[in-house]
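One structure is given below, encoded as structure tokens.
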Amino acid sequence: MLNLKQLSLQEKKGLAGGHRACSGCGFPQAINMIFGQSTVPVVTTCATGCMEIATTIYPFTAWRGNFMHSAFENAAATISGIETAYRSLKKQGRLPGDDKMNFVAIGGDGGTYDIGFQALSGAMERRHNILYICYNNEAYMNTGVQRSSATPKGGHTTTSPAGKVVPGKVQFPKDLTHILAAHDLAYAGQASVGYHLDLMRKADKAFSLAGPKFMNVYTPCRLGWGSDPSQSMEIARLAVETCLWPLYEVVDGEWKLTRKIREKKPVTDFYKTQTRFRHLLKPENEELVKEIQAEVDKRWHRLLLRCGEGA
């Protein structure tokens, strides 16, 4: 049995081995990369989802620090209450003056983009000193691969199946990082587990700043995407290289591109790696692919202008 008192600070953060995430899953790597940048203990709340299910199957846990499971919709509200209680205890003198902690809430795209958005927006507006991390695998993977508002247009899911009538999800994904940046946060960043140094630098910066922070992290799901588990990191990089998932950050309202793409790859290069998009490679869906490519180009152009990179 682990004796937490005998472990170093680094050993008390993130996930231990033995969790039950699928092979090729992106979130375990992302969590350990992010939590490894904290120089103080971390208190974590996690919404119901793949991460919670795979890491806390009763009576076991893979979490090496303070962890609390929240409902699907309220991870941000839970961490807000914990952070407020911490400030109250400090003010009362019931905690040492040098006793510092980082407060982190985690949710998948279902628990962040959709079900948990109200609690997330409220926590950001109230200016809690927290970091919210969305591990984005673009669908409700834990409950059966249903579409979310993060699911790409044309993506096949169990609730937006690709067939003769409808070629997958008909809507473009919500741009949640832009929406959170509009809350005037201390920090908002978009990262990919495929670019680990960029991800770790963003986590380090977020932990160093006071106030509300948000990170949207691209984490492949080999089960819901129908991809080769050994190619998860390559696919996470390909999403960036096609500009389907640009890497940037917003610090106190200043937009900065953190990965410049000199030669943008076509979206079809990304589609070829996953069965959820195989129908888009058929001749009858050529016009739909052109429409998606045009939207990706438009969003990339808009981001370049916001980051002062020209067109």
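The values are calculated or read from the model by the stated rules, or taken from the named source; none is laboratory data. Computed from a predicted structure; not experimentally measured. Methodologically, a virtual Cβ is constructed for each residue, glycine included, from the backbone with ideal geometry; neighbour enumeration extends over all protein chains shown.
Before moving on, here are some points about what is shown:
- Residues that are on the phi < 0 side of the Ramachandran plot, surrounded by 22 or more Cβ atoms within 10 Å (Cβ to Cβ) and in a loop (DSSP other than H, G, I, E, B) are absent from the range 223-241 altogether.
- Residues that are farther than 16 Å from G107 by Cβ and not in a helix (DSSP H, G or I) within the range 19-41 comprise H19, R20, C22, S23, G24, G36, Q37, S38, T39, V40, P41, listed in sequence order.
- Selection of first residues in the range 242-260 that are without any contact (Cβ under 8 Å) to a residue 40 or more places away in the chain and of second residues that are surrounded by fewer than 21 Cβ atoms within 10 Å (Cβ to Cβ), restricted to Cβ pairs under 7 Å at least 6 apart or on distinct chains, gives an empty result.
- Number of positions in the range 53-81 that are free of Cβ contacts under 8 Å to residues at least 12 places away in the same chain and either crowded, with 19+ Cβ neighbours inside 10 Å or hydroxyl-bearing (S, T, Y) (or both): 2
- The condition of being farther than 18 Å from R278 by Cβ, at pLDDT 95 or above and touching a Lys or Arg at 6+ places or on another chain (Cβ under 9 Å) holds for only one of A162, A188, that being A188.
- Of all residues in the range 266-307, those satisfying the criterion of being of a type outside the set (A, V, I, L, M, F, W, C), within 25 Å of the chain's Cα centre (by Cα) and either more than 20 Å from L176 (Cα to Cα) or not in a helix (DSSP H, G or I) (or both) are P266, T268, D269, Y271, K272, T273, Q274, T275, R276, R278.
- Residues that are surrounded by fewer than 18 Cβ atoms within 10 Å (Cβ to Cβ), touching a strand residue (DSSP E or B) at 6+ places or on another chain (Cβ under 8 Å) and either free of Cβ contacts under 8 Å to residues at least 40 places away in the same chain or not β-branched (V, I, T) (or both), drawn from the range 19-52: N32, P41
- Evaluation of N216 against (1) out of contact with any Asp or Glu (no Cβ under 8 Å at 6 or more places or on another chain); (2) outside any helix (DSSP H, G or I); (3) over 16 Å from Y113 (Cβ atoms) (one fails), failing number: (3)
- Looking only at the range 218-254, residues that are of a type outside the set (V, I, T) and within 14 Å of K265 (Cα to Cα) come to 10 in all.
- A single entry from F103, F207 fulfils the requirement of being in a helix (DSSP H, G or I) and either of a type outside the set (G, A, S) or surrounded by fewer than 17 Cβ atoms within 10 Å (Cβ to Cβ) (or both): F207.
- Contact map, the range 174-186: residues that are under 19 Å from N129 (Cα atoms) and acidic (D, E) paired with residues that are modelled with pLDDT under 95 and part of a loop (DSSP other than H, G, I, E, B), Cβ distance under 8 Å, separation 6+ or inter-chain. Pairs shown: D184/G253.
- Qualifying residues in the range 242-262 (those that are touching a Lys or Arg at 6+ places or on another chain (Cβ under 6 Å) and not in a strand (DSSP E or B)) - the one farthest from E83 (Cα to Cα): T242
- Annotation note: Cβ proximity below 9 Å between a residue of the range 208-234 that is within 13 Å of G189 (Cβ to Cβ) and a residue that is surrounded by 20 or more Cβ atoms within 10 Å (Cβ to Cβ) and among the basic types (K, R) (sequence gap 6+ or interchain) occurs for M215/K202; V217/K202.
- Residue within the range 31-49 that is of a type in the set (G, A, S), on the phi < 0 side of the Ramachandran plot and more than 21 Å from the chain's Cα centre (by Cα) present: no
- Test: residue in the range 79-91 that is touching a helix residue (DSSP H, G or I) at 6+ places or on another chain (Cβ under 8 Å) and either more than 27 Å from E125 (Cα to Cα) or outside any helix (DSSP H, G or I) (or both): no
- Residue count for the range 125-177 under the criterion of being surrounded by fewer than 18 Cβ atoms within 10 Å (Cβ to Cβ) and in contact with a strand residue (DSSP E or B) (Cβ under 9 Å, 6 or more places away or on another chain): the result is 3.
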